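Coordinate-derived values only; no laboratory data. Predicted model only: the values in this text are computed from it and were never measured. Reconstructed Cβ throughout: ideal geometry from the backbone, glycine too, with neighbour counts over all protein chains shown.
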Amino acid sequence: MGSANAPLVTTTHPPRQVSEAVEARIFLGALAQSAWTFRGTRNRAFVLVCGSGHIRLGSHEVPINGPAIIWAPSGETGTIVFDAGSEGAALAVPDVILGSAMPSGAVFAQVREAISRPILGVRLGTLEARRLSGAFAIIEQELKADEAGTQEVIRHHLALLLLAIWRLTSSTVERQQPSPRAIVRGFVHLIELHIRDHWTVDHYANALGVTADRLNSAIRAVRPNEHQWSLFTHV
């Protein structure tokens, strides 16, 4: 994650599997604009507690007014600029770390679907914005401190962020009825995580919060690609 004004403060020497890829920063009322350019290699989250700015993804440019949350999944490229005086927090996380923080059970597929799409400035309540910004601050502190349990603390707060995004962007109906594509994406992700654990179809279905029949019908509806089929042969 890069800033137009100053390099992002991350960590001294935290555990390699998390710290070299996760970056977090709190920005508080800078006298000049704060800007980031992202190239699609990591997932990006921003919480704007107060202030304003704009984000450009591809050919789309959207104004942002705080308090608000912004989410750009990996693969999205663009820039985000916050005006002078704005306060908030920024986070960059690669897919492999984000995947390890995904909640299991009935909400897995719904959360997976929710974070697959950009969120361009969904409004938050002030208290919710400060709570999320506080979670980002804890991640930043953990990255700097390099103490025992750092990875677990970071994953815990990432999981809370994912659930917050899901709650903000999903209606009750969407939560109860994940799409076949979301189910298959979740299935593929779980196979990649547990390929050596010899899970059964029922085990995967339970983790996704669906029945085995629903999982099978979703696979037939989506028509998986060659890579996905090769993973399915391990189940």
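Quick notes on this structure:
- Counted over the range 178-232 with a bin width of 10 Å, the fraction of Cα pairs per bin, in whole percents, is 26, 62, 12.
- Put simply, when 194-206, 115-127, 34-46 are sorted by average Cβ atoms within 10 angstrom per residue, most first, you get 34-46, 115-127, 194-206.
- Mean Cα-pair separation over length for the chain, i.e. relative contact order, pairs under 8 Å, 6 or more apart, %: 21
- Highest GNM mean-square fluctuation among Ala72, Ala114, Ala106, for the chain modelled with Cα contacts below 10 Å: Ala106.
- FRET efficiency, 1/(1 + (r/R0)^6) with R0 25 Å, evaluated for Thr126 and Val96 via beta carbons: 0.15
- Karplus-derived 3J(HN,Hα), 6.51/-1.76/1.60, for each residue of the range 52-67, Hz, glycine and proline x: 8, x, 7, 10, 10, 10, x, 9, 9, 10, 10, x, 10, 10, x, x
- Close amide H pairs (under 5 Å, H built 1.01 Å from N) link Ser74 with Asn43, Arg44, residues at least 5 positions away or on another chain.
- All other residues whose Cβ lies under 12 angstrom from that of Thr79 are scored, Lys and Arg at +1 and Asp and Glu at -1, for a net of +1.
- Within a Gaussian network of the chain (alpha carbon springs, distance under 10 Å), most fluctuating of Pro73, Pro94, Pro224: Pro224
- Other residues with beta-carbon under 12 Å from the beta-carbon of Gly149 carry, at +1 per Lys or Arg and -1 per Asp or Glu, a net charge of -3.
- Label-point separation in nm, Glu152 to Leu28, each point 7 Å along Cα→Cβ: 3.0
- Result for the chain in a Gaussian network model with C-alpha springs under 10 Å: among Ile154, Ile219, Ile70, the largest mean-square fluctuation is at Ile219.
- Square roots of five times the Cα gyration tensor eigenvalues for the range 15-90, Å: 21, 16, 10
- Value of D in µm² per second that Stokes-Einstein yields for the chain, Kirkwood Rh from Cα pairs, at 25 °C (0.890 mPa s): 132
- Share of alpha-carbon pairs per 10 Å distance bin for the range 86-190, given as whole %: 13, 44, 33, 10, 0
- Neighbourhood charge, 13 Å Cβ-Cβ cut-off, centred on Gly99 and excluding it, Lys, Arg +1 and Asp, Glu -1: +2
- For the pair Leu163 and Val62, the difference between a 0.36 nm per residue extended length and the Cα-Cα distance amounts to 33.9 nm.
- Which of Leu143, Ile97, Ala109, positive extreme of dipole for the range 16-173 (C-beta unit charges): Ala109
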